[in-house]
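The values are calculated or read from the model by the stated rules, or taken from the named source; none is laboratory data. Please read these numbers as outputs of a predicted model, since none were measured by experiment. In this analysis, Cβ positions are derived from the backbone assuming ideal geometry, glycine residues included, and neighbour counts consider all displayed protein chains.
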Amino acid sequence: MPDPKVALIHEWLVTFAGSESVVEQILALYPQSDLFTLVDFLPESQRPLIQNKTATTSFIQKLPWAKKKYRTYLPLMPLAVEQFDLSAYDVVLSSSHAVAKGVLTGPNQLHICYCHSPMRYAWDLYHQYLNESGLKTGLSGAVAKLILHYIRLWDYQSAQRVDYFVANSRYIARRIRKVYGREAHVIYPPVDTGHFTLSQQKENYYLTASRMVPYKKINLIVEAFSTMPDKRLVVVGDGPDYEKIKRLATPNIELVGYQSEDALVAYMQKAKAFVFAAEEDFGITPVEAQACGTPVLAYGKGGVLESVVDQKTGLFFDRQQVDSLTECVQRFERMADQFNPVVIHQHAQGFSRENFRLQFKSYVAEKRTEWSLP
């Protein structure tokens, strides 16, 4: 079977995070593919990660304030994504957490969607989004509700255009089934386990690292450690909640702000445990910590249940509350010697970039073969 002509579409290229690492690895598999995205403002320093490709963008790229306010154009995104003409391609691969899966394809084109999540603010986080945005009442609230109602209708309908879904975790596969009524094959996202390397020498501090936004629950971690003055906590990251979290910090808690990846690796390698309190679709940082041989203390919901093995590579706490986390820390202190950094590191290798590429390429080849059958 000859090599297919491949189009890869991703929502937006603005910064390089977890979903963009999936794009990076798909481009490594299909270097001749063409890249499409609603807007492309990726910094020059990060463009080698997408092979310096020039992406085909939508009309949103040229709208006022698109560079900083592209998310406000959500009502236009379904229209924008449907304007891409992909009729010349044999295979369309979408990396989607919002609208990328909504591209139009023909009956002889294979469309596989790697779904990071259905659009959460339109579905399961709908009421939380309205509350946090101050859109529960008033004229603005009414407009927001109407827009999201139509977004949901389009989101469900456009999901039926996809031939095959791939989910980044069983947790997301369940959400895809719930929201779209579709089954999804699970391929875990790529983690740079080659860079986050093993260290068996640990120091006497706990670590958390994240962008400081509400759902990451860094405030919960800081509040919990403020009640344990004998336990040292290092907090890596910045974001909108930084000053608020800084005010919560007691002398045993050190906020070090944004750190380079090399510095983050060093912190992860030496930490006695990594603390993770968010409910994530998958969660890359807990796997990075495990690749360093560092056990993870995590809130036991979401994708982390698939990447951390209880009492082998970490421990879970069952409520996003201070007492639940402090109990978990105390439990870990009693059994810390049972965690083997080598075993933890070896477990993390199952989430490597190499494994992702192998599984994704095999899956696409399998579906191409099925697609070509009469």
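Remarks
- Test: residue in the range 51-65 that is out of contact with any Gly (no Cβ under 6 Å at 6 or more places or on another chain) and assigned to a strand (DSSP E or B): yes
- Residue within the range 138-146 that is at pLDDT below 95, touching a Gly at 6+ places or on another chain (Cβ under 9 Å) and exposed (fewer than 15 other Cβ atoms within 10 Å of the Cβ) present: yes
Per-residue answers, yes or no, for (1) closer than 27 Å to T197 by Cβ; (2) in contact with a Gly (Cβ under 8 Å, 6 or more places away or on another chain):
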| site | (1), (2) |
| --- | --- |
| T227 | no, no |
| L264 | yes, no |
| K270 | yes, no |
| V304 | yes, yes |
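- Some residue of the range 61-73 being surrounded by 18 or more Cβ atoms within 10 Å (Cβ to Cβ) and within 21 Å of the chain's Cα centre (by Cα): yes
- Condition broken by Y114, with the remaining ones in (1) out of contact with any Ser or Thr (no Cβ under 7 Å at 6 or more places or on another chain); (2) closer than 25 Å to Q160 by Cα satisfied: (1)
- Members of the range 59-113 that are small (G, A, S) and at pLDDT 90 or above: A66, A80, S87, A88, S94, S95, S96, A100, G102, G106
- Single residue of the range 202-215 satisfying the filter (assigned to a loop (DSSP other than H, G, I, E, B) and either touching a residue at least 40 places away in the same chain (Cβ under 8 Å) or not assigned by TED's automatic domain parsing to the domain that holds K231 (or both)) that is surrounded by the fewest Cβ atoms within 10 Å (Cβ to Cβ): N204
- Check on P107, over 23 Å from F16 (Cβ atoms) and either surrounded by fewer than 21 Cβ atoms within 10 Å (Cβ to Cβ) or of a type in the set (V, I, T) (or both): yes
- Residue count for the range 24-42, restricted to those that are among the hydroxyl-bearing types (S, T, Y) and outside any strand (DSSP E or B): 2
This table checks each residue for (1) at pLDDT below 95; (2) surrounded by 13 or more Cβ atoms within 10 Å (Cβ to Cβ); (3) within 28 Å of F225 (Cβ to Cβ); (4) not assigned by TED's automatic domain parsing to the domain that holds Y30.
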{"residue": "R331", "(1), (2), (3), (4)": "no, yes, yes, yes"}
{"residue": "R334", "(1), (2), (3), (4)": "no, no, yes, yes"}
{"residue": "P341", "(1), (2), (3), (4)": "no, yes, yes, yes"}
{"residue": "I344", "(1), (2), (3), (4)": "no, yes, yes, yes"}
{"residue": "H347", "(1), (2), (3), (4)": "no, yes, yes, yes"}
{"residue": "Q359", "(1), (2), (3), (4)": "no, yes, no, no"}
{"residue": "S362", "(1), (2), (3), (4)": "no, no, no, no"}
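- Residue that is in a helix (DSSP H, G or I), out of contact with any strand residue (DSSP E or B) (no Cβ under 9 Å at 6 or more places or on another chain) and surrounded by fewer than 21 Cβ atoms within 10 Å (Cβ to Cβ), where the choices are S21, S45: S45
- Checklist (1) at pLDDT 70 or above; (2) surrounded by fewer than 17 Cβ atoms within 10 Å (Cβ to Cβ); (3) under 22 Å from G303 (Cβ atoms) applied to P118, failing item: (2)
- Restricting the search to strands (runs of 3 or more DSSP E) fully inside the range 256-323 and requiring at least 3 residues that are in the same structural domain as P229 (by TED's automatic domain parsing), over 17 Å from V222 (Cβ atoms) and without any contact (Cβ under 8 Å) to a residue 40 or more places away in the chain gives an empty result.
- Residue match in the range 30-41 (condition: of a type in the set (S, T, Y), surrounded by fewer than 16 Cβ atoms within 10 Å (Cβ to Cβ) and over 16 Å from A98 (Cβ atoms)): no
- Identity of the residue in the range 177-201, touching a Pro at 6+ places or on another chain (Cβ under 8 Å) and within 30 Å of I344 (Cβ to Cβ), that ends up surrounded by the fewest Cβ atoms within 10 Å (Cβ to Cβ): Q200
- Residues of the range 235-255 that turn out to be over 21 Å from the mean Cα position of the chain (by Cα) and part of a loop (DSSP other than H, G, I, E, B), as a count: 4
- For the range 20-36, a residue qualifies if it is under 20 Å from Q61 (Cα atoms) and within 18 Å of the chain's Cα centre (by Cα), and the qualifying residues are E20, V23.
- The sole residue among K53, K68 that is among the charged types (D, E, K, R), assigned by TED's automatic domain parsing to the domain that holds L13 and free of Cβ contacts under 8 Å to residues at least 24 places away in the same chain is K68.
- Looking only at the range 324-371, and only at residues there that are of a type in the set (A, V, I, L, M) and touching a residue at least 40 places away in the same chain (Cβ under 8 Å), the one that is farthest from G194 (Cα to Cα): L325
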